[in-house]
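Everything on this sheet refers to the single structure shown next.
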Ligand SMILES: [Zn+2]
């Protein structure tokens with residue numbers, strides 16, 4: 001595994017801030033594979049360093065591109081335990097935040113749309129001309145095509161090559177839980193910036209490493225894991241976006257929606273209590289702030 005400089009500013013100095021009880025950097029990729037996903041994924045992670053120049057929190061020792069390609073390709077299908085409707089509610093909130101005071105226009109671009117919850121919203125609100133969807137996981141291309149609802153849509157697998165998208169064409173770009181997985185987020189953001197039309201916006205959802213939840217949980221905070229080479233807070237994401245050429249950046253906490261029955265069953269399961277499935281529990285969803293943040297970055301009009 002290679003040692004690298006800060007992905008935002010290139011500095012190599014900093015202070016190690018978060019370390020795993022067990023050191024991942026002493027193991028081989030094969031030994032780490034069982035800890036790459038699922039419930040085991042918080043058992044090992046690489047140490048995170050705070051950059052002394054720009055304050056970004058990143059792992060100086062991490063997998064390289066080739067190793068990541070192998071790890072991502074061997075991931076099991078997304079076994080999301082959350083009911084579809086709750087995920088849809090959460091993503092609807094994201095879309096509303098992005099569309100506020102901005103009637104949809106131009107093309108829509110999303111990196112890692114999964115089955116296309118946000119695409120469904122974007123289609124329902126009309127106004128977008130073409131949908132550019134970069135999704136490496138081919139097993140969700142079918143549902144994604146359906147989410148586009150017959151609108152002009154191009155689904156591509158290589159998210160590092162945005163060249164098929166015409167420069168200056170995109171009204172709304174979207175990255176939900178993608179940016180904290182990238183080795184070189186600056187290159188991706190700069191590429192998206194050139195695709196935005198004047199006044200276009202990029203919506204980003206990431207974890208917030210300065211959140212209360214992170215402070216309360218310390219090194220047991222689940223986003224400290226093998227899948228995240230770096231993690232952001234409002235200040236560091238703003239700096240990164242400025243570097244990538246975005247002019248106006250706003251950051252705020254985001255809300256996830258969970259049905260009450262789902263939360264109750266999860267809590268009971270964690271405590272080792274069996275709740276009979278017949279037991280009536282409210283289905284109504286509640287919104288929770290889980291230490292995620294929503295960033296809206298705009299290109300100058
Ligand atoms: Zn830095």
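The table for this structure:
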| quantity | calculated |
| --- | --- |
| Inter-label distance for residue 52 and residue 219, nm, one decimal - labels placed 7 Å from Cα along Cα-to-Cβ | 2.3 |
| Fully extended contour minus Cα-Cα distance, from residue 212 to residue 12, at 0.36 nm per residue | 69.2 nm |
| Stretch gain in nm, segment residue 243-residue 163, where the contour uses 0.36 nm per residue and the Cα spacing is subtracted | 26.7 nm |
| Tensor-based shape of the stretch 113-228 (alpha-carbon gyration tensor, a/c under 1.5 rounded, otherwise prolate or oblate) | prolate |
| Extension reserve of the residue 146-residue 28 stretch, reckoned as 0.36 nm per residue once the Cα distance is removed | 38.4 nm |
| Antiparallel bridges, percent of DSSP beta bridges restricted to the stretch 2-73 (to nearest 5) | 90 |
| Share of pairwise Cα separations in the stretch 2-73, more than 13 Å, in percent | 66 |
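Where a number appears in this text, it was derived from the coordinates with a stated rule and is not lab data. All values derive from a computational prediction rather than experimental measurement. Heads up, the Cβs are rebuilt from the backbone with ideal geometry, glycines too, and the neighbour counts pull from every protein chain shown.
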